[in-house]
1. Among (1) outside any helix (DSSP H, G or I); (2) in contact with a strand residue (DSSP E or B) (Cβ under 6 Å, 6 or more places away or on another chain), there is one condition Pro89 misses while meeting the rest; what is its number?
2. So which pairs qualify, if the first residue must be in the range 212-234 and touching a residue at least 24 places away in the same chain (Cβ under 8 Å) and crowded, with 16+ Cβ neighbours inside 10 Å, the second must be in a loop (DSSP other than H, G, I, E, B) and of a type in the set (A, V, I, L, M, F, W, C), the Cβ gap must be under 9 Å, and the two must be at least 6 apart or on different chains?
3. Could you look through the range 178-211, keep only residues that are among the hydroxyl-bearing types (Ser, Thr, Tyr) and over 30 Å from Ala95 (Cβ atoms), and pick out the one that is surrounded by the most Cβ atoms within 10 Å (Cβ to Cβ)?
4. Go through the residues of the range 144-161 one by one and say whether even a single one is buried (at least 17 other Cβ atoms within 10 Å of the Cβ), within 30 Å of Ser92 (Cα to Cα) and among the aromatic types (Phe, Trp, Tyr).
5. Identify, from the list Arg143, Arg133, the residue that is closer than 21 Å to Glu23 by Cα and assigned to a loop (DSSP other than H, G, I, E, B).
6. Need a quick list: strands (runs of 3 or more DSSP E) entirely within the range 148-257 having at least 1 residues that are farther than 18 Å from Val27 by Cα and modelled with pLDDT of 95 or more.
Amino acid sequence: MTGLLTQTDGSPVAIENAEAGGEFLFVCEHASNRMPERLGTLGLSEDALESHIAWDPGALAVSQLLSEKLHATLIFQRFSRLAYDCNRPPDSDAAMPVVSEIYEVPGNRAMTAEERQSRVNEIYLPFHEAVTRAVAGRKAAGRQPILVTMHSFTPVYFGAPRAVELGILHDADSRLPDRLLAAASNEDVGYDVRRNEPYGPADGVTHSLIEYGIRFGVPNVMIEIRNDLIRDKIGQRVMADCLVGLLTKSVAALPAR
């Protein structure tokens with residue numbers, strides 16, 4: 001089987017603040033719109049590759065601020081989610097989509113079975129193993145991590161504007177999301193905050209929460225930020241400060257772990 005990644009591509013996964021002592025573990029699956037060298041542009045225009053279909057604009061910057069402020073480890077994917085969406089399992093069509101919103105992705109439609117497996121082996125599995133090690137290692141050391149996956153979403157989807165500004169998403173485990181939503185309501189954070197919007201479990205977006213959170217019994221949440229709010233450094237800092245307050249208060253309100 002021909003390999004996918006070259007020496008120029010480097011690792012598919014990055015880990016920052018690996019030795020951090022804080023209880024939070026931040027994961028950003030859609031941090032970059034970079035493509036592996038051998039995939040070229042997947043047949044997409046530059047505008048398409050800059051858009052939300054290829055990555056979550058602003059999500060990595062906010063994640064890095066949270067990692068710094070909360071002394072937490074951050075793990076993120078270094079390639080576009082169009083190459084492989086690490087928030088999807090290998091058997092999901094959305095892992096390597098042939099259509100994303102209004103865009104056809106020619107390079108994904110043309111994949112052979114071998115090429116598809118190369119992406120699983122060289123992008124998804126290293127990412128999966130890195131996050132699994134981080135969670136399992138903390139559990140083995142007697143530390144209970146708090147898993148937070150970070151995303152952003154477009155203000156307009158299929159032509160329809162979205163009013164929600166901050167989504168608090170969860171699957172079967174709502175311990176942390178319940179407290180985050182209560183804290184946001186009690187403090188009137190100034191954002192339109194909603195549960196399981198603009199996506200929810202039925203949309204297949206909770207793979208990471210299930211795989212690294214629920215499977216290990218650790219509190220977990222997926223945070224979705226409308227990307228027009230975090231386009232620049234000021235917006236990113238404002239959002240990070242808000243989330244630091246909400247996360248800190250919400251974790252303190254969890255039952256003893």
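1. Checking Pro89 against (1) outside any helix (DSSP H, G or I); (2) in contact with a strand residue (DSSP E or B) (Cβ under 6 Å, 6 or more places away or on another chain), the one that fails is (2).
2. Tyr212/Val218; Ile214/Ala172; Pro219/Leu254; Met222/Val205; Glu224/Val164; Glu224/Val205; Arg226/Val164
3. Taking the range 178-211 first, the residues among the hydroxyl-bearing types (Ser, Thr, Tyr) are 185, 191, 199, 206, 208.
Pick out the ones that are also over 30 Å from Ala95 (Cβ atoms) and you get 185, 191.
Working: Ser185: 10, Tyr191: 16.
Looking at residues that are among the hydroxyl-bearing types (Ser, Thr, Tyr) and over 30 Å from Ala95 (Cβ atoms), I get Tyr191.
4. yes
5. Values: Arg133 fails: assigned to a loop (DSSP other than H, G, I, E, B).
Within the list Arg143, Arg133, the selection yields Arg143.
6. Details: elements: 166-169, 193-195, 220-226.
Output list reads 193-195.
Here's the yes/no breakdown for (1) assigned to a helix (DSSP H, G or I); (2) touching a residue at least 40 places away in the same chain (Cβ under 8 Å); (3) in contact with a Pro (Cβ under 9 Å, 6 or more places away or on another chain); (4) among the β-branched types (Val, Ile, Thr):
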{"position": "Met35", "(1), (2), (3), (4)": "no, yes, no, no"}
{"position": "Leu44", "(1), (2), (3), (4)": "no, yes, yes, no"}
{"position": "Leu49", "(1), (2), (3), (4)": "yes, no, no, no"}
{"position": "Ile53", "(1), (2), (3), (4)": "no, yes, yes, yes"}
{"position": "Pro57", "(1), (2), (3), (4)": "no, yes, no, no"}
{"position": "Ala61", "(1), (2), (3), (4)": "yes, yes, no, no"}
{"position": "Leu74", "(1), (2), (3), (4)": "no, yes, no, no"}
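The values are calculated or read from the model by the stated rules, or taken from the named source; none is laboratory data. Here the structure is a predicted model, which means the values were calculated and not measured. Methodologically, a virtual Cβ is constructed for each residue, glycine included, from the backbone with ideal geometry; neighbour enumeration extends over all protein chains shown.
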